[in-house]
Amino acid sequence: MARAPLIQLSDISLTFGGHPIFSDLGFVVQTGDRLSLVGRNGSGKSTLMKVMAGLVEADTGHRVIPPGVSVGYMEQDPDLSQFETLGDFALSALDVSEHYKVEIAAEGLKFDPDRPVKTASGGELRRAALAKLMAEDPELMLLDEPTNHLDIEAISWLETTLRESRNSFVVISHDRAFLTALTRATLWIDRGAVRRLEQGFGSFEAWRDKTWEEEDQQRHKLNRKIKAEARWAVEGISARRKRNQGRVRALGELRAERAAQINRQSTAAMAFDSGQKSGAKVIEAKNLDLAFGELEILKDFSLTVQRKDRVALVGPNGVGKTTLIKTLLGEQAPDRGSVKLGTNLQIAVFDQGRTKLDPDLSLWEALTSDPTMAVSGRSDQIMVRGTPKHVVGYLKDFLFAEEQMRAPVRALSGGEKARLLLARLMAQESNLLILDEPTNDLDIETLDLLQDVLGDYDGTVLLVSHDRDFLDRVATTTIALEPGGKATVYAGGWSDYQAQKPSAAGRKTAKHAAKQSTIKTKMETAEVKTALSFTEKHRLEALPAEIAHIEAEIGKLEEFLGQPNLFTEQPVKFNKATALLLERQEALAAAEAQWLELEEKAGG
């Protein structure tokens, strides 16, 4: 069955500052599409999404949206300066009768509609923009990094809401787990062109690697052909000049084809230097209590961090993750208990808020003005792990172009700012890394490299992140913080923590105990009344056994998904089982609703 187009781009070309971003680009988004838009930092993902939203006009080409189709866009840095509160902005396009939708979104995304715009953080502004889009409920949603600045609970709410909606969407995100759970097809921006894979993000990386491998093989064949033709031209052209001018022209065309090939962007040259070794015991915290007024952050918490541990802190925003790190580093005294730091610690910090970057400085100045990096008497060199290095060469290692060196930091994209912070961090010698949301705005390839670099790092890592996939790949220990001062230490990453904590099945059973008890009690005492048709009577009699069967299937799936390391070791089985669990849960809800409806009709 043909699907209706929601938006069509054709022959789109766009140039910024003399550099082409897209050339003759085109694709269609149709009803029912759930697309991930992926590509390297700087490939133009956000720009393309703005073209789709009509906020950026292409140099050439056409953007077509059929009459009556609504398109909504959530940008990374929304401008709320014309509004008093976050709620005023979120409600601005809704009728009064629809205001409840913003309240629902505000609860799920955890933002306060009454918060004044002037005092709101960047994360709160983004959550308000996302709530506005979710409440307006357009047919096509364009989502640019929607999970940035959301905690895992809010990400889960957004994931569930998008999965259950009937809307189509295109989403840019670094969150592998989020993309894998939601998307059905993938748009890949690569060197100015868009390729489409009719499978979700879970299949993207294997497809990308295969595409690159085929390109390398074709380039190798082309190089061999050029070499052979060039040898012929040198050795035999004088004897066959008249008869073989066509072959000479073909050689020129082969060389032009190779020259026209655009090489793939390299990866940043990342490396951490652990410097001198710290002591075997890095941090020892005993019986910590900490509170702000009536808000309890920690209650009788103890922890030992050994050298080379990768400790992740997870929990809702505002629960105290950053406060716990400051306490563990001795920057903030606990109300009770003690913290002892190990010997020879060299600490380096990656700041979530990017506050260590002065937006008015150029990239050049951002490095040379840092006293920890500056080389005495030299304005063009910095110290990189104890060795002088030219600023331009070092920034090129992190994929910055030479023309960017004198540009202000404020002109950088989110991903570029993250790379600049990593460049500063990796220039230092350290043996204890503090990483506060390091994954925000980084592309998938840079994330892969960061994970590898952290794996080889000889020091210790304290990590705050809401990226479930990143936690699984990096963390050896997870500390789960909950409201009320509870902090529990689990072995392993996110999936291991999920498997070890009190089962999801138990929590769901407790949450729905009253409903289940009511249904089962009525099933046991129900008498089929004559108000039902023959078919309805038969269906009512069959439903209890069907519901019991579905519940048994759900129990088996939850037990299977509770296996440690399943997500990392068998991702395909994990994804299939997760999808099946969702389908069985929906089937159970439908069967229970039907039983209650028929039982009520029967007069039970």
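The values are calculated or read from the model by the stated rules, or taken from the named source; none is laboratory data. The structure presented is a predicted model; accordingly, all values stated were derived computationally and were not measured. Cβ atoms come from the backbone with ideal geometry, glycine included; neighbour counts cover every protein chain shown.
From the set of residues in segment 1-49 that are among the basic types (K, R) and assigned to a loop (DSSP other than H, G, I, E, B), which is farthest from D77 (Cα to Cα)? Checked segment 1-49; the qualifying residue farthest from D77 (Cα to Cα) is R3.
This table checks each residue for (1) out of contact with any helix residue (DSSP H, G or I) (no Cβ under 7 Å at 6 or more places or on another chain); (2) more than 13 Å from L363 (Cα to Cα); (3) surrounded by fewer than 19 Cβ atoms within 10 Å (Cβ to Cβ); (4) at pLDDT below 80.
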{"residue": "P388", "(1), (2), (3), (4)": "yes, yes, yes, no"}
{"residue": "L395", "(1), (2), (3), (4)": "no, no, no, no"}
{"residue": "M405", "(1), (2), (3), (4)": "no, no, yes, no"}
{"residue": "R410", "(1), (2), (3), (4)": "yes, no, yes, no"}
{"residue": "G415", "(1), (2), (3), (4)": "yes, yes, no, yes"}
{"residue": "E429", "(1), (2), (3), (4)": "yes, yes, yes, no"}
{"residue": "L433", "(1), (2), (3), (4)": "yes, yes, no, no"}
{"residue": "D441", "(1), (2), (3), (4)": "no, yes, no, yes"}
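Selection over segment 50-96 of residues that are at negative phi and in a loop (DSSP other than H, G, I, E, B) gives a count of 24.
Which count do you get for residues in segment 72-91 that are touching a Phe, Trp or Tyr at 6+ places or on another chain (Cβ under 7 Å) and under 25 Å from V171 (Cα atoms)? It would help to see each step written out before you state the result.
Just the residues of segment 72-91 that are touching a Phe, Trp or Tyr at 6+ places or on another chain (Cβ under 7 Å), to begin with: 80, 83, 86, 89.
Next, from what is left, pick out any that are under 25 Å from V171 (Cα atoms): 80, 86, 89.
Going through segment 72-91 one residue at a time, the tally reaches 3.
Being closer than 29 Å to K118 by Cα, without any contact (Cβ under 8 Å) to a residue 40 or more places away in the chain and of a type outside the set (S, T, Y) narrows it down to one residue among G72, G68, G54; which is it? After applying the criteria, what remains is G54.
Report, by residue number, each residue of segment 318-341 that is of a type in the set (G, A, S), in contact with a strand residue (DSSP E or B) (Cβ under 8 Å, 6 or more places away or on another chain) and surrounded by fewer than 19 Cβ atoms within 10 Å (Cβ to Cβ). G330, G337, S338 - these are the residues of segment 318-341 that are of a type in the set (G, A, S), in contact with a strand residue (DSSP E or B) (Cβ under 8 Å, 6 or more places away or on another chain) and surrounded by fewer than 19 Cβ atoms within 10 Å (Cβ to Cβ). Against the list (1) crowded, with 19+ Cβ neighbours inside 10 Å; (2) closer than 27 Å to G200 by Cα, the condition L86 fails is (2).
Name the single residue that is farthest from K308 (Cα to Cα) among those in segment 447-489 being surrounded by 15 or more Cβ atoms within 10 Å (Cβ to Cβ), touching an Asp or Glu at 6+ places or on another chain (Cβ under 7 Å) and among the small types (G, A, S). By that ranking, first place goes to G485. Against the definition (in a loop (DSSP other than H, G, I, E, B), in the same structural domain as L422 (by TED's automatic domain parsing) and touching a Leu at 6+ places or on another chain (Cβ under 7 Å)), how does L324 come out, yes or no? When the stated conditions are applied, L324 does not pass them.
Among the conditions (1) of a type in the set (G, A, S); (2) at pLDDT 90 or above; (3) farther than 14 Å from L290 by Cα, the only one that A348 does not satisfy is (2).
Looking only at residues of segment 521-537 that are assigned to a helix (DSSP H, G or I) and at pLDDT below 75, we find that the one that is farthest from W595 (Cα to Cα) is F534.
A search for C-beta distances below 6 Å between a residue of segment 480-491 that is on the phi > 0 side of the Ramachandran plot and any residue that is of a type in the set (D, E, K, R) and part of a strand (DSSP E or B), counting only pairs 6+ apart in sequence or on different chains, returns G484/E296; G485/E296; G485/K299. Residue under question is K101, and the condition is that it be under 27 Å from N41 (Cα atoms), modelled with pLDDT of 90 or more and over 16 Å from the mean Cα position of the chain (by Cα); does it hold? No: the conditions fail for K101.
When G315 is tested against (1) surrounded by 15 or more Cβ atoms within 10 Å (Cβ to Cβ); (2) over 23 Å from D496 (Cβ atoms), exactly one condition is not met: (2). Only a single criterion out of (1) under 32 Å from the mean Cα position of the chain (by Cα); (2) in contact (Cβ under 8 Å) with a residue 24 or more places away in the chain is not satisfied by K340, namely (1). Every condition in (1) exposed (fewer than 15 other Cβ atoms within 10 Å of the Cβ); (2) at pLDDT 80 or above holds for P544 except the one numbered (1).
Right, T47: among the β-branched types (V, I, T) and farther than 24 Å from A407 by Cβ or not? So T47 fails the test.
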